[in-house]
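Down below is the structure, laid out as structure tokens.
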Amino acid sequence: MVIKVGDKVRVRSIQDRGQEEVSALVGKEAVVLARRVVDGSGIGYILEFPDRSRHWFFESELEVVDSGHAKDEPS
């Protein structure tokens, strides 16, 4: 799965972070604002939700709903 800045993603799971506020975001959609290396090896993404809140997630916690990039349309 390739996630890019501008993509719309859905939070599909949370790796144990113990925050009720973040756990409530499972199933919600957001837009990817930035990509960051976390823990020296993993990839994380900063997301902005419709309420304008921002949270970061690991790539494995997300699924792409809609690519923010133009797609070729059939002729």
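Below, the figures for the structure above:
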read-out	value
Scan of the stretch 22-66 for residues that are closer than 12 Å to residue 6 by Cβ and among the charged types (D, E, K, R), ordered by number	35, 48, 66
Residues of the stretch 1-47 that turn out to be closer than 11 Å to residue 59 by Cβ and among the small types (Gly, Ala, Ser), as a count	2
Hits in the stretch 16-35 - residues which are at pLDDT below 90 and either in contact with a Phe, Trp or Tyr (Cβ under 8 Å, 6 or more places away or on another chain) or on the phi > 0 side of the Ramachandran plot (or both)	18
Scan of the stretch 9-60 for residues that are assigned to a loop (DSSP other than H, G, I, E, B), surrounded by 12 or more Cβ atoms within 10 Å (Cβ to Cβ) and in contact (Cβ under 8 Å) with a residue 40 or more places away in the chain, ordered by number	12, 13, 14
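Table: residues versus (1) of a type in the set (Val, Ile, Thr); (2) at pLDDT below 95; (3) in contact with a Lys or Arg (Cβ under 7 Å, 6 or more places away or on another chain).
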| position | (1), (2), (3) |
| --- | --- |
| 7 | no, no, no |
| 11 | yes, no, yes |
| 14 | yes, yes, no |
| 37 | yes, yes, no |
| 48 | no, no, yes |
| 62 | no, no, yes |
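The values are calculated or read from the model by the stated rules, or taken from the named source; none is laboratory data. Everything quoted here is computed from the prediction, not taken from an experiment. Note that we place each Cβ from the backbone using ideal geometry, even for glycine, and neighbour counts take in every protein chain shown.
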